[in-house]
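What follows is one structure encoded as structure tokens, with my remarks underneath.
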Amino acid sequence: MVVEGGGSFDVGSCAGGQAPAEVGVGMQLAALIYRVKFEDDKSHFPAIPKTLRELVPQDLLRTLAPEDWKRDYKKRRESLRRNKACCQPNSPSNTIHTPGERGLCISQSVKIPREPRVGEFDKIIRRLSENPNARVVIIFANEDDIRRLLQAGKRANQTGHFIWVGSDSWGSKIAPILNQEEMAEGAVTILPKRLSIKGFDRYFISRTLENNRRNIWFAEFWENNFQCKLSRHALKKGSGIKKCTNHERIGKDSSYEQEGKVQFVIDAVYAMAHALHNMHKDLCPGKVGLCPRMDSINGTLLLKYIRNVNFTGIAGTPVVFNVNGDAPGRYEIYQYQIRNDTTEYKIIGHWTDQLYLDTNEMQWPGGTQEVPSSICSQPCRPGQRKKTVKGIPCCWHCENCDGYQYQADTYTCKMCRFDLRPNDNHTGCVPIPIVKLEWSSPWAVIPVLIAILGIIATLLVVATFVRYNDTPIVKASGRELSYVLLTGIFLCYATTFLMISAPDVFVCSLRRIFLGLGMSISYAALLTKTNRIYRIFEQGKMSVSAPRFISPASQLVITFSLISVQLLGVCIWFGVDPSQAIIDYEDQRTANPDMARGVLKCDISDLSLICLLGYSMLLMVTCTVYAIKTRGVPETFNEAKPIGFTMYTTCIVWLAFIPIFFGTSQSAEKMYIQTTTLTISVSLSASVSLGMLYMPKVYVVLFHPEQNVPKRKRSLKAVVTAATMSNKFNPKGGLRPNGEAKSELCESLETQGQH
């Protein structure tokens, strides 16, 4: 987080708080420098003051390479604060971006106003606390701002939370942390590596008002240092301030500690002197004093000489400048520690071209030696993508790759292919499981059981009819159409096994053929039978001659003609769209990918199924209409009423089938429900026909053979007339046990057909 301040500083502050003697040297140097016209770095500061100022090495926090930090710290994010001051070697607008460009991440950038209002520092602390994971705060500020910021952190009960990293404006000063030591515990600060210049100490403590009159600020310093007033008129009653006696001595009557940047100020003066000396040798060779070529000094040329100086400084270290005009940096790194209620700035490392830290000497808030973590955003879990915060490329939110998405890369989620679903942690895609109706499934067991029982019952009826093929009861049933009808019933039951078998090209082809064929055969036979009965009795009322096409052969031709329409439609379907097995991934594509399944099925859509069964339904409806028309025919002499009951029941079955089948089209269990519903409906239709039309006959044939005997033959007209009269005068004629008139009618029809 960058906090850019707008504070202003006097010259002494910019130099790091020099003593007045140094200020005097600095002012005389400035007077010399500002007589020169400089053309470099006009946008911020004149080039030579900048260069001389850079004898105080560049701030370590700005120049430190990211790998130096990564070698000793496990930090990824830093909150950066700074305030704009003339003493910083580089332009604030440039240094704000330096950490990010060098691999360090800035989560926020906060600026301290030039004149902070009440509560401004509390507001800054609240902003710093917005991301609790980013704990490291790098501070570029004066000591007063540092103190006020620590006070705000203490008020916000953030003691021990933030890890402060201070520039040399913090250094090893006590003033910023006074009375808030716990808040500053663990702070890492820096100071330029320097030596105390003993010659300067001897010189400075010997300064008095008499021997240092050239420094116009020295008198003010004297009053502040000794807490006295030089003028009696400046004394105020009750102020407790005494008059200066001029016998006070620096370091004896007041505390004294050499300012840390003295050596750099001395080296700066010598750098200017060396530069002017070298320039004089080149421009005024062999002359004493200034020559005409140096009468008006070219600032750009002087800057070149300054950057080319190379000498040993007052502390014994070389004074040189690099291509950017920067002096080599040498820093000592401190950490503010609390041990056994004792506080100190402990040296934990240094930096000269590279960072060295003694991690064993480091101690963090709470007395722990475990390096704290400071990170803007926690690493995203597998299956999450990073959504970067606008303007902060290394700060992000984690978003789940949900649904059918998977994590394609760090910042992207993509949809899995239609036949795939994401794995458990959404880092890739895996095939969607393929399902089909298994034989062991409860959805299959019940239809198979019904089909097996139906097939057994059908075979029993066929066997009985074959065994007693020439008996009156079998003849009265219309043997040829009965066998056709029983074949259709058998195919209806057998269709169940095709519907449950694993789909492939062969099975799907058989489904197309037999799903509608069994029903078409059954209803074609019933329609032919009811139509014949209807025509016989309608014709018998008007004439003694038999209707056309009522012989067994004619009935078979009519029946197979009706069946051929179904087969023709299936053949056309095969030609237009060959049968195939497909995997449908949409049927069971649920919102939860874990529940998604691919359904192995035949390529028979709901519309195709309607068309496939539509013809059978047409035959069924037509048959029902004829059953209704023949409902008045005496039941003693025909099968119209059992056929009618069969068709009524069948219609009810299929009316129940339609809402169940199409109402579950959106269900996850669609495949199971629809297959079970369809197979049971087909089996029930066959069971109704088998039970109502043939089971009573089988019962009579097997258990009451005495009723299955032939009677005398009469003409067709006589039989029809007898049936009609019998129904009028003997309503209970239907109780005749042997179906005499029924057999007689069928035999008469067979005889008529043969003629």
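The values are calculated or read from the model by the stated rules, or taken from the named source; none is laboratory data. Here the structure is a predicted model, which means the values were calculated and not measured. Because the Cβ atoms are built from the backbone with ideal geometry, glycine has one as well, and the counts that use them run over all protein chains shown.
So if I check each of Ile456, Ile452, which one is exposed (fewer than 12 other Cβ atoms within 10 Å of the Cβ) and within 19 Å of Cys492 (Cβ to Cβ)?
Ile456
Take region 359-376 and flag every residue that is touching a residue at least 40 places away in the same chain (Cβ under 8 Å), in a loop (DSSP other than H, G, I, E, B) and surrounded by fewer than 18 Cβ atoms within 10 Å (Cβ to Cβ).
Gly366, Val371, Ser373
Which ones in region 436-470 are small (Gly, Ala, Ser) and either closer than 30 Å to Ala408 by Cβ or in a loop (DSSP other than H, G, I, E, B) (or both)?
Those that are small (Gly, Ala, Ser) and either closer than 30 Å to Ala408 by Cβ or in a loop (DSSP other than H, G, I, E, B) (or both): Ser440, Ser441.
Could you tell me which of the residues Gly403, Gly383 is in contact (Cβ under 8 Å) with a residue 40 or more places away in the chain and surrounded by 20 or more Cβ atoms within 10 Å (Cβ to Cβ)?
Gly383
Which condition does Lys173 not pass, out of (1) part of a helix (DSSP H, G or I); (2) within 30 Å of Lys242 (Cα to Cα); (3) in contact with a strand residue (DSSP E or B) (Cβ under 9 Å, 6 or more places away or on another chain), if it passes all the others?
(1)
Determine whether Tyr404 is touching a helix residue (DSSP H, G or I) at 6+ places or on another chain (Cβ under 9 Å) and not assigned by TED's automatic domain parsing to the domain that holds Val682.
Criteria met by Tyr404.
Taking the residues in region 231-259 that are over 17 Å from Tyr203 (Cβ atoms) and among the small types (Gly, Ala, Ser) as candidates, determine which candidate is surrounded by the fewest Cβ atoms within 10 Å (Cβ to Cβ).
Per the criteria, the residue is Gly238.
Would you confirm, using the coordinates I've provided, whether Gln108 is over 22 Å from Lys173 (Cβ atoms) and of a type outside the set (Lys, Arg)?
For Gln108, the condition - over 22 Å from Lys173 (Cβ atoms) and of a type outside the set (Lys, Arg) - is met.
Which of the residues spanning region 296-311 are of a type in the set (Phe, Trp, Tyr) and either at pLDDT below 90 or surrounded by fewer than 16 Cβ atoms within 10 Å (Cβ to Cβ) (or both)?
Phe311
Only one of (1) surrounded by 17 or more Cβ atoms within 10 Å (Cβ to Cβ); (2) at pLDDT below 90; (3) touching a helix residue (DSSP H, G or I) at 6+ places or on another chain (Cβ under 9 Å) is not met by Ile125, so which one is it?
(2)
For Asp282, state whether it is touching a Leu at 6+ places or on another chain (Cβ under 6 Å), among the acidic types (Asp, Glu) and not in a loop (DSSP other than H, G, I, E, B).
no
Could you grab me the full set of residues in region 596-615 that are at pLDDT 90 or above and in a helix (DSSP H, G or I)?
Tyr615
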